[in-house]
Amino acid sequence: MAMASVRIRQAEEGDCGNILKLIRELAEYEKLSDQVKISEEALRADGFGENPFYCCLVAELLPAPGEPQGPCVVVGYGLYYFIYSTWKGRNVYLEDIYVKPEYRGQGIGSKIIKKVAEVALERGCSQLRLTVLDWNKGAMDLYKALGARDLTEAEGWHSFRFEEEAMRELAGK
């Protein structure tokens, strides 16, 4: 496949349908489809309301010169939000990064990560954090090639999560 011309831009509310499709594809790729409970409406409300919970970039294919200028095709996304480190201050967390399989190997994922880093630096962040499944060697190799450190390897960190039921128990609700 010829190298397509790709633009990375901030997602708009109208992109939520495409983003949800890509979220479902990512979950399928990660063998965790059953865990996707989000709706297009929730994505709209949580990303484009008065106090957005997340930010999102989309990668879209641009029509080649001479081709009809129709709607651009979204082939990837990076969903991120800002967090705080008591040791380092402002951080950005890249929750998801996904490029459709047929468009991988063209630098699109790298472009998304570079754009998140650019936004993070503009906002005064000192770190860009993300997690990856232990079997996803391709992604790990990419992150390391871009300069990320594997914190499990380097510092022994493990990631934990409290599900809603556990939180209700903790909160006595």
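The values are calculated or read from the model by the stated rules, or taken from the named source; none is laboratory data. Only a predicted model underlies this, so the values are computations on that prediction, with no experimental measurement involved. Cβ placement follows ideal geometry from the backbone for every residue including glycine, while neighbour counts extend to all protein chains displayed. All accessible areas refer to the heavy atoms of the entire protein, side chains included, with ligands and DNA or RNA removed. Shrake-Rupley method; radii C 1.70, N 1.55, O 1.52, S 1.80 Å.
A search for C-beta distances below 7 Å between a residue of the range 115-135 that is within 19 Å of Ala59 (Cα to Cα) and any residue that is open to solvent by 50 Å² or more (accessible area, probe 1.4 Å) and not β-branched (Val, Ile, Thr), counting only pairs 6+ apart in sequence or on different chains, returns Val116/Leu128; Ala117/Leu128; Ala120/Leu128. Evaluated against (1) surrounded by fewer than 16 Cβ atoms within 10 Å (Cβ to Cβ); (2) aliphatic (A, V, I, L, M); (3) in contact with a strand residue (DSSP E or B) (Cβ under 6 Å, 6 or more places away or on another chain), Leu32 falls short on exactly one condition, (3).
The set of residues in the range 61-74 that are open to solvent by 60 Å² or more (accessible area, probe 1.4 Å) and touching a residue at least 12 places away in the same chain (Cβ under 8 Å) contains only Val73. Checked against the criterion of being open to solvent by less than 60 Å² (accessible area, probe 1.4 Å) and in contact with a helix residue (DSSP H, G or I) (Cβ under 8 Å, 6 or more places away or on another chain), the candidates Leu130, Leu146 yield just one match: Leu130. Residues in the range 47-60 that are over 14 Å from the mean Cα position of the chain (by Cα) and either exposed (fewer than 15 other Cβ atoms within 10 Å of the Cβ) or closer than 20 Å to Glu102 by Cβ (or both): Gly49, Glu50, Asn51, Pro52, Glu60.
Quick one: would you say Phe82 is part of a loop (DSSP other than H, G, I, E, B), touching a strand residue (DSSP E or B) at 6+ places or on another chain (Cβ under 9 Å) and surrounded by fewer than 17 Cβ atoms within 10 Å (Cβ to Cβ)? Taking the combined requirement at face value, the residue does not satisfy it. Just one of the listed residues (Leu32, Leu62, Leu20) is at pLDDT below 95, more than 24 Å from Ala117 (Cβ to Cβ) and hydrophobic (A, V, I, L, M, F, W, C), and it is Leu32. Taken over the range 86-113, residues that are open to solvent by less than 20 Å² (accessible area, probe 1.4 Å) and either on the phi > 0 side of the Ramachandran plot or not in a helix (DSSP H, G or I) (or both) amount to 6. How many of the residues in the range 128-145 are more than 16 Å from Tyr98 (Cβ to Cβ) and either aliphatic (A, V, I, L, M) or in contact with a Gly (Cβ under 9 Å, 6 or more places away or on another chain) (or both)? Residues in the range 128-145 being more than 16 Å from Tyr98 (Cβ to Cβ) and either aliphatic (A, V, I, L, M) or in contact with a Gly (Cβ under 9 Å, 6 or more places away or on another chain) (or both): 2 in total.
None of Glu12, Glu41, Glu25 is open to solvent by 70 Å² or more (accessible area, probe 1.4 Å) and over 21 Å from Glu164 (Cβ atoms) except Glu12.
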